[in-house]
1. Using modelled backbone amide H atoms (1.01 Å from N, in-plane), which distant-in-sequence or interchain residues come within less than 5 Å of ARG159's amide H?
2. For GLY270, what charge total do you get from the other residues with a beta carbon under 12 Å from its beta carbon, if Lys and Arg give +1 and Asp and Glu give -1?
3. Which residue fluctuates the most in the chain, going by a Gaussian network model with Cα springs under 10 Å, if the choices are THR83, THR93, THR138?
4. Which of TYR262, TYR105, TYR186 moves most in a GNM of the chain, Cα contacts under 10 Å?
5. Taking amide H positions as placed 1.01 Å from N in the peptide plane, with prolines and chain starts having none, which residues 5 or more places from VAL121, or on another chain, fall under 5 Å of its amide H?
6. Using only alpha carbon pairs under 8 Å that are at least six residues apart, calculate the relative contact order of the range 6-139 and give it in whole percent.
7. Report, for the chain, the % of DSSP beta bridges that are antiparallel, rounded to 5.
8. Quick one: among LEU58, LEU204, LEU193, which has the greatest mean-square fluctuation in a GNM of the chain with alpha-carbon springs under 10 angstrom?
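What follows is calculated from the coordinates using simple rules that are stated; it is not laboratory data. Because the structure is predicted, anything quoted here is derived from the model rather than measured. So basically every Cβ, Gly included, is an ideal-geometry build from the backbone, and we count neighbours across all protein chains shown.
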Amino acid sequence: MPYTHLISVDELKALQASSAPLLVVDCSFDLADATKADAMFAEQHIAGAVQAHLDRDLSAKDPADAVNGGRHPLPKRELFAQTLQRLGVNQDTQVVAYDRNGANYCGRLWWMLKWAGHDAVAVLNGGLQAWVAAGGATESGPAAPRAPGNFQLGEPLRRLVHTDDIVAALGRPTQTLIDARGGPRYRGETEPLDPVAGHIPGALNRPFGDNLGADGFFKPAAQLKQEFDALLAGRDAAGAVHHCGSGVSAVPNVLAMELAGYAPAGLYAGSWSEWSRRPELPVARG
């Protein structure tokens with residue numbers, strides 16, 4: 001059975017020791033300095049891992065190649081498939097994504113693979129820190145060359161939501177918006193990245209870091225379920241749509257809700273960075 005949500009350090013070690021088709025991908029990143037991603041990978045990564053860079057590999061540089069707006073627009077699925085082939089993903093590959101950033105950036109690759117129709121992808125619970133603490137093998141320098149993969153797109157396994165979809169359902173009980181940004185940005189007290197401070201009217205606030213315990217691992221499923229039940233307070237979980245600043249840090253909330261037993265929720269990938277650049281759209285604060 002493939003790993004489709006989380007994988008532990010011990011489970012990954014066992015996979016490495018087996019003959020199972022496996023690709024480990026380091027998605028570590030630094031929003032304040034995108035060049036640090038390459039330096040972090042070169043300094044230390046899981047032995048045999050390749051790198052997926054948020055800006056180069058998991059976002060579209062050219063608006064003509066993107067499916068949404070905002071600061072980190074998703075590339076068209078066909079272009080992402082080419083990236084996966086270049087990284088060495090085959091139809092039967094078990095992909096394991098990790099970072100050293102509290103699952104913030106590796107969640108992006110997890111969701112995008114689901115969106116591309118590939119279910120066998122899991123996030124390494126605890127990230128690089130847990131791997132190193134358990135004595136997992138690491139290496140430095142560039143990734144070893146890999147043969148191109150034969151990945152082909154399948155039917156999307158997760159739902160991408162666009163701005164017009166949000167607008168059409170705004171204020172209706174069938175849509176439950178969940179914003180993963182920190183409280184001060186959600187409330188509009190500060191906005192370091194986007195042109196307008198605040199949040200989409202009616203959105204609930206669940207900072208993505210709340211899904212992890214102090215040890216850096218995802219909280220137990222029962223605890224996540226209790227916390228999301230309290231957040232939703234009777235609202236329709238089936239209509240949940242996650243977003244954040246640019247569609248990246250919302251994904252840990254998507255993953256956490258699935259760990260808690262909810263059905264897969266939608267992702268508004270354009271998020272606040274797309275919403276706030278359309279002056280005709282409403283803004284809430286507080």
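1. LEU267
2. Numbers: positive: ARG71, ARG277, ARG278; negative: ASP164, ASP165, ASP194, GLU274.
Every neighbour counted, the sum reads -1.
3. THR138
4. Largest GNM mean-square fluctuation: TYR262.
5. Sorted by chain and number, the residues that satisfy this are VAL95.
6. Numbers: 205 pairs, mean separation 44.9, N = 134.
Rounded, it is 34 percent for the range 6-139.
7. Values: 5 of 28 bridges.
If I count the DSSP bridges inside the chain, around 20 percent turn out antiparallel.
8. Of LEU58, LEU204, LEU193, the Gaussian network model singles out LEU193 as fluctuating most.
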